[in-house]
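A.B. asks: Quick one: structure below, then a few questions.
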Amino acid sequence: MSDISERKKRPICLYNILRKHTDEDNSLTMSQILTRLYEDYGIDAERKSIYDDIETLVALGADIELTKGKSSGYRLLSREFELSQLKLLVDTVQSSKFLTEEKSRELIEKISSLASKHQGAELKRHVYISGRAKTENKEIYYNIDLINRAINEKKQIRFRYFNWNEKKEKVFRRGGGYYVLSPWEMTVSEEKYYLIAYDSENETFKHFRVDKMTGCEIVDALSECCGKDHDSDLGEYTNRMFGMFGSGKNELVVMRTPADLAGVIIDRFGMGVSMIPTGDGYFNAAVKVCISRQFYGWLFGLSGEIKIESPEYVKNEYEEMLRGALEKQKN
C-alpha cells in the first residue's frame, strides 16, 4: 500500500474501527487504535496523524468523544440506529412468520453489524428463534421482490399456489396450474405477507399468502388493476378485512358495544371509527367491514359482549353460524 493510498484510507479505516469496537460504554486508547489499524488494515500510523484524522472526522459530523481518566480513550457515541431501535428491529424479524428461520438469522446478523461488537453480542443474546412457527418457503424473498417490481412496472404475474395437507405435503390448487393476475398491493396481516391482486377472469380482487406462492414470474402483459372499482387507501381496506378473508362485499355494520370495550374497537378499526354513546353504558359502533366467517369469529371471541344491530342479514348469518357450530360440537 503506497503512502498516498494509505493516507486516503486511514480516516475511513479509523472510523470503521471506532464504529465496530466502541460505543457509549466502551472506548479505545490511542495505543489500541494504532494496533487495530496495523492488524486490521496494515496501516502503520503515528499518533499525530490519528489526532489529525479524528479532527477531520469530527469536522465532518462524526460524534467522537475523548474519555478522561485512567482508561482514557476515544469512542463513537452516536450511529445510524440506537441500540433500542436495533432491538426493536430484531424482535420484528424474529417474530415474523413470513420469514424462514435461515433468513431471520441472516437478517439479524446484518442488523447486529450496525451496532458495536459489544452491543451486537447483546443483540444476539436477546434473540430466540428456534421453535417459533416459521414459513418453510425459501422463495418468499424472491417473491416479494418480484411482486414489487411487477407493481412498479404495471405488469401481471403468474404463480402456482398451494396449501398443506395432514401429511405436511403441498397440495397445489388448480391441479398445479398457474394463476395469472394483476398485482395491486402487498400487505402484512397477522404476521403474514399477502398479495392483493385483480383476477380478470372472475372480475374481482383476491388475496394470496406470499409464502404459499411458488414459481413466480412477471408476465409481459399490462396490469389490469387501473380503473377497477377498488379502495385507493390500503390502510382503510385492510382494516375492513379479518385475516385477509372476505366475500368481497363491504357492509356498514352497526354493533351495540359495552363502553369498556371501546379500546377493543379502536385497536381494531382505528381512531376514525364512528362511536355513538347510547347513555346506558353502551355505544353504537358503525364500522365498514368485509363480511366473512373470520369477522363473525372475531365477534364470538369477545364472548357475545357485542351485538349486531344491522344490517339484518348480517345478524341472521351470525346467528346461523353460531347454531351450526353448536350442532357440530354436539355431533
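A.B. asks: Name the pairs: first residue in the range 103-118 and over 22 Å from ASN16 (Cβ atoms), second residue among the aromatic types (Phe, Trp, Tyr) and open to solvent by 50 Å² or more (accessible area, probe 1.4 Å), Cβ to Cβ under 8 Å, at least 6 apart or on different chains?
C.D. replies: LYS103/TYR141
A.B. asks: In the range 131-152, how many residues are at pLDDT below 85, of a type in the set (D, E, K, R) and under 23 Å from VAL90 (Cβ atoms)?
C.D. replies: Selection size over the range 131-152: 4.
A.B. asks: While we're looking at this one, here's another question. Return the total of residues in the range 153-182 being modelled with pLDDT under 90, outside any strand (DSSP E or B) and not charged (D, E, K, R).
C.D. replies: 1
A.B. asks: Quick one: is ILE265 open to solvent by less than 30 Å² (accessible area, probe 1.4 Å) and either closer than 29 Å to LYS206 by Cβ or of a type in the set (A, V, I, L, M) (or both)?
C.D. replies: Judged against the criteria, ILE265 is a match.
A.B. asks: Then there's this: Considering the range 36-87 alone, what residues qualify as being free of Cβ contacts under 8 Å to residues at least 24 places away in the same chain, touching a strand residue (DSSP E or B) at 6+ places or on another chain (Cβ under 9 Å) and outside any strand (DSSP E or B)?
C.D. replies: Residues satisfying the conditions are ARG36, VAL58, ASP63.
A.B. asks: While we're on this one: Considering only the range 87-111, how many residues are within 14 Å of the chain's Cα centre (by Cα) and either of a type in the set (D, E, K, R) or surrounded by 15 or more Cβ atoms within 10 Å (Cβ to Cβ) (or both)?
C.D. replies: Number satisfying all stated conditions: 14.
A.B. asks: Scan (1) of a type in the set (Val, Ile, Thr); (2) surrounded by fewer than 17 Cβ atoms within 10 Å (Cβ to Cβ); (3) within 31 Å of the chain's Cα centre (by Cα) for the single condition ILE12 breaks and write down its number.
C.D. replies: (3)
A.B. asks: Another question, if that's okay. Quick one: which of TYR74, TYR128 is of a type in the set (Ser, Thr, Tyr), modelled with pLDDT of 85 or more and either open to solvent by less than 80 Å² (accessible area, probe 1.4 Å) or out of contact with any Gly (no Cβ under 9 Å at 6 or more places or on another chain) (or both)?
C.D. replies: TYR74
The values are calculated or read from the model by the stated rules, or taken from the named source; none is laboratory data. As the structure is a prediction and not an experimental result, all values here were calculated from the model. With ideal geometry, Cβ positions are generated from the backbone for all residues, glycine too; neighbour counts draw on all protein chains shown. The area values use the complete protein model at the heavy-atom level, side chains included, leaving out ligands, DNA and RNA. Shrake-Rupley method; radii C 1.70, N 1.55, O 1.52, S 1.80 Å.
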